[in-house]
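See below for the structure under consideration.
The values are calculated or read from the model by the stated rules, or taken from the named source; none is laboratory data. Here the structure is a predicted model, which is why all the values come from computation and not from measurement. Every residue, glycine among them, receives a Cβ derived from its backbone with ideal geometry; neighbour counts consider all protein chains shown. In case anyone asks, the SASA skips ligands and DNA or RNA and just uses the protein heavy atoms, side chains included. Shrake-Rupley method; radii C 1.70, N 1.55, O 1.52, S 1.80 Å.
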Amino acid sequence: MRQSPEILAPAGSMEALTAAVHCGADAVYIGATLFSARQNAHNFDAAALREAADFCHTNGVKLYLTVNTLVFDTEWAALDELLQTAAAVGMDACIVQDLGVADYIHQRIPEMPLHASTQMTICSPSGAIWAKEHGFSRVVVAREMTRSEIQAVCAIGLEVEQFVHGALCMCISGQCYLSALIGARSANRGCCAQACRLPFTAAKNPQAAALSLKDLCLLPHYQQLCADGIASLKIEGRMKQAEYAAGVVSVYRRYIDRYFEYGAKDYHVSKEDMQKLYDFGNRSGFTKGYYEKHNGKDMITFQKPNHAKGNEALQEKVREEFCRGEIKEKINGNLILSQDSSAILDVTLGDLHYTAGGDVVQPALKQPLSMEKVRENMEKTGNTPFEFENLTIAMRDAIFLPMKSLNQLRRDALEGLEKLCVEQFRREVEQVDHAGMKAQESTAGTPEKYLSALAEQRCQLQPLLESELVSDIYLDQSCYCRKDLWEEVKEDAAKIHAAGKKAYYVFPSVFRKNASDFYLGSLKKLDSCSLDGVVVKSLDAVWFVHRYLPQMPMILDQGLYTYNHRAQEILREFCPIRMTAPYELNRGELKKRDNTDSEVVLYGYLPLMTSAQCVHANTGKCDTSSVVTYLKDRYGKFFPVKNNCMECYNTIYN
């Protein structure tokens, strides 16, 4: 039988972590006080990280550290300090977004497993292959992927982690600038203000929460998740209270254990347990999300975007049982008391074994030890994380050992066992000179200045051809439909070359399996267009072009984040013509970045979100027509939304 996927629980505090472990989580993910995508959670300082790791490992639970924000070159010293702590306490893996951070961890702690965060926007097998080739052992797939798309990633041969419960983002993870550009709180820096939960209305539909998705719940689909080979079932919620994590994990634990005991026959989730999940927290009910379909208005809350819970009696029961209660690891022990020999206590937990030796056992002069008294005393495990499931005692009559000696023997054995539990995970990392951890100075000369322009409609091409300022023209794929795509691209490229300019084709913002399959079948046609290169916007597309169009020059868009020189060096492995500076960088941050092979966006509507949802369809109906819809916020400001019907996604602009 296939191995059971792990239940991966969220914890924003030690209380939540303890509760998650007590109720059956196989692994827990947490964030430190820096470099975590949930900076507003309670999070863990260095001492708390050690406490959390020791607690998890003593209880046979894995602990993953989220290092899933983008990092500046000025922050390597702070990051290194965190990573040294992560290694010293024995973190089981780091969840990473920044390519430079992944490279740095590989160099500093090569034995540390890396998980590609959903913030990396990996949406197809191409991105998963890139992750595998760059040393990642697991990929957290985008929440927008359907079951068939995830199955294709599972076939790549690395672990797949999938969100199965909790909040869904309107924007594809890692591509959201809404909070940053309208509220100066960057999601990519861990400060998302959840602006998508605020009132946004469309002219066709005045309901006030057009960007707020319902919470996800895939427990009824566990059979399929298991059959597909998902390695980890991820529950969202590091900002939520301990009883949420405990309650949700306890329900999932019970059904997963039941499935592996009784099999798939008659597997279903009862109404009573679904109600419990509702009571632990939901947002206008639950949705299956994108698991079975590409998008849909039934995923949107519209009226009530807030997270609601109920049944206070149930909440209190969970708090009492899992948050306040204590659950101990069951161990086996063997006590040997033999006259004129040292007392010996062997303790075992799974494959771990520790033997403690004590004082010499004396002949009894007055009152000998009794079996009952010895057992009663030895089974007092107190505030240790253990309790005896089986304790065998071998002792002769007429012997004596002071109770304080027995107590010390027990303490030594349990402390030794606990030490074995935690120290097997700890790693040593060499100290480095933080002062030397700076960006490398570029040796390139001053680059030639140029002006490029992006055309999103074919009617925009002529004025660009006539402009003496524009030297490079980017032809966005949204200018075309697939029916006549390559004929029209070839025609436009010829016009651009006739005007003495360069022509580049822009791949879609989201490069999912459908797009990958289409372009894979169009390689010869694309190559026949005589383009000067392509603009790619995701790791999926980068790997695709590198693999299937190795001679095609690439320009990397801003969503392939290069906040630091290490990220730039990783992407330079693909020999791009140039990169694009990230939108969120201010002038001071840009001045500290190596911009010698980069361009910067000077003018235009900045995208706030790229979403698999369609505002046009959700607030009206799907008519497969490319239009601009407008959303109005609570201050009366309008945000244009452009739908890309060829690839079926939306871009919401500032």
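General observations
- Subset of region 168-179 that is open to solvent by 20 Å² or more (accessible area, probe 1.4 Å) and in contact with a Leu (Cβ under 9 Å, 6 or more places away or on another chain) - its residue that is nearest to Q224 (Cα to Cα): C169
- Any hit, region 112-132, residues being farther than 27 Å from E647 by Cβ and open to solvent by 10 Å² or more (accessible area, probe 1.4 Å): yes
- Every pair of residues 6+ apart whose Cβ atoms lie under 8 Å, when the first sits in region 580-592 and is open to solvent by 20 Å² or more (accessible area, probe 1.4 Å) while the second is assigned to a helix (DSSP H, G or I) and at pLDDT 90 or above: K592/D73; K592/T74
- Look at region 620-644: where a residue is within 16 Å of Q457 (Cβ to Cβ) and a partner is open to solvent by 70 Å² or more (accessible area, probe 1.4 Å) and of a type in the set (S, T, N, Q), sitting 6+ places away or on another chain with Cβ atoms under 8 Å, you get K642/S626; N643/S626; N644/S626.
- Strands (runs of 3 or more DSSP E) (entirely within region 133-234) containing at least 2 residues that are at pLDDT 95 or above: 138-140, 159-166, 215-217
- A count restricted to region 363-398 and to residues that are part of a loop (DSSP other than H, G, I, E, B), in contact (Cβ under 8 Å) with a residue 24 or more places away in the chain and touching a Leu at 6+ places or on another chain (Cβ under 7 Å) stands at 3.
- Residue within region 92-114 that is at pLDDT below 95, within 13 Å of the chain's Cα centre (by Cα) and over 21 Å from H307 (Cα atoms) present: no
- Sole exception among (1) over 21 Å from T74 (Cβ atoms); (2) touching a strand residue (DSSP E or B) at 6+ places or on another chain (Cβ under 6 Å); (3) open to solvent by 20 Å² or more (accessible area, probe 1.4 Å) for M554, by number: (3)
- Odd one out for E236 among (1) over 26 Å from A37 (Cβ atoms); (2) touching a residue at least 12 places away in the same chain (Cβ under 8 Å): (1)
- Against the numbered list (1) in contact with a Lys or Arg (Cβ under 9 Å, 6 or more places away or on another chain); (2) in contact (Cβ under 8 Å) with a residue 40 or more places away in the chain; (3) more than 30 Å from G620 (Cβ to Cβ), V153 comes up short only at (2).
- Among (1) of a type in the set (A, V, I, L, M, F, W, C); (2) over 12 Å from A202 (Cα atoms); (3) out of contact with any strand residue (DSSP E or B) (no Cβ under 7 Å at 6 or more places or on another chain), the one test that A617 misses: (2)
This table checks each residue for (1) over 30 Å from C645 (Cβ atoms); (2) open to solvent by 60 Å² or more (accessible area, probe 1.4 Å).
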site	(1), (2)
E292	no, yes
G310	yes, no
Q315	yes, no
L335	yes, no
L349	yes, no
Y354	yes, yes
V360	yes, yes
P385	yes, no
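- Scope region 362-383; condition in contact with a helix residue (DSSP H, G or I) (Cβ under 8 Å, 6 or more places away or on another chain) and either within 10 Å of L337 (Cβ to Cβ) or open to solvent by less than 30 Å² (accessible area, probe 1.4 Å) (or both); matching residues: V374, N377, M378, T381
- Here R254 passes the criteria (1) under 29 Å from G31 (Cα atoms); (2) buried (at least 19 other Cβ atoms within 10 Å of the Cβ) except the one numbered (2).
- Here the strands (runs of 3 or more DSSP E) wholly within region 274-350 that include at least 2 residues being among the small types (G, A, S) and more than 29 Å from the chain's Cα centre (by Cα) are 342-349.
- Residues located in region 581-615, provided they are more than 25 Å from the chain's Cα centre (by Cα) and closer than 15 Å to L556 by Cβ: R593, D594, N595, T596, D597, S598, E599, V600, V601
- Within region 566-579, considering residues that are part of a loop (DSSP other than H, G, I, E, B) and among the hydrophobic types (A, V, I, L, M, F, W, C), the one least open to solvent (accessible area, probe 1.4 Å): F574
- Residue count, region 350-394 (criterion: touching a Cys at 6+ places or on another chain (Cβ under 7 Å) and modelled with pLDDT of 95 or more): 0
- Checked against the criterion of being among the polar types (S, T, N, Q), touching a Gly at 6+ places or on another chain (Cβ under 9 Å), in contact (Cβ under 8 Å) with a residue 12 or more places away in the chain and buried (at least 23 other Cβ atoms within 10 Å of the Cβ), region 516-539 has at least one qualifying residue.
- Residues being over 20 Å from G281 (Cβ atoms), in contact with a helix residue (DSSP H, G or I) (Cβ under 8 Å, 6 or more places away or on another chain) and open to solvent by less than 70 Å² (accessible area, probe 1.4 Å) - total across region 317-333: 4
- Residue in region 23-37 that is within 20 Å of F322 (Cα to Cα) and at pLDDT below 95 present: yes
- Every residue from region 220-274 that is closer than 19 Å to K317 by Cβ and of a type in the set (S, T, N, Q): Q241, S250, S270
- On the stretch given as region 218-249, residues that are of a type in the set (S, T, N, Q) and open to solvent by less than 20 Å² (accessible area, probe 1.4 Å) total 1.
- Count of region 231-248 residues which are touching a strand residue (DSSP E or B) at 6+ places or on another chain (Cβ under 8 Å) and of a type in the set (G, A, S): 4
- Only one of the listed residues (E418, E430) is touching a Pro at 6+ places or on another chain (Cβ under 7 Å), within 30 Å of R108 (Cα to Cα) and either open to solvent by 50 Å² or more (accessible area, probe 1.4 Å) or in contact (Cβ under 8 Å) with a residue 60 or more places away in the chain (or both). That residue is E418.
- Residue among A498, A444, A453, A541 that is hydrophobic (A, V, I, L, M, F, W, C) and at pLDDT below 95: A444
- Note on region 266-290: residues that are open to solvent by 50 Å² or more (accessible area, probe 1.4 Å), touching a residue at least 60 places away in the same chain (Cβ under 8 Å) and either among the small types (G, A, S) or more than 20 Å from H307 (Cα to Cα) (or both) amount to 0.
- Meets criteria (of a type in the set (A, V, I, L, M, F, W, C) and open to solvent by 10 Å² or more (accessible area, probe 1.4 Å)) for A155: yes
- The single residue among L401, L365, L369 that is more than 17 Å from I344 (Cα to Cα) and more than 52 Å from the chain's Cα centre (by Cα) turns out to be L365.
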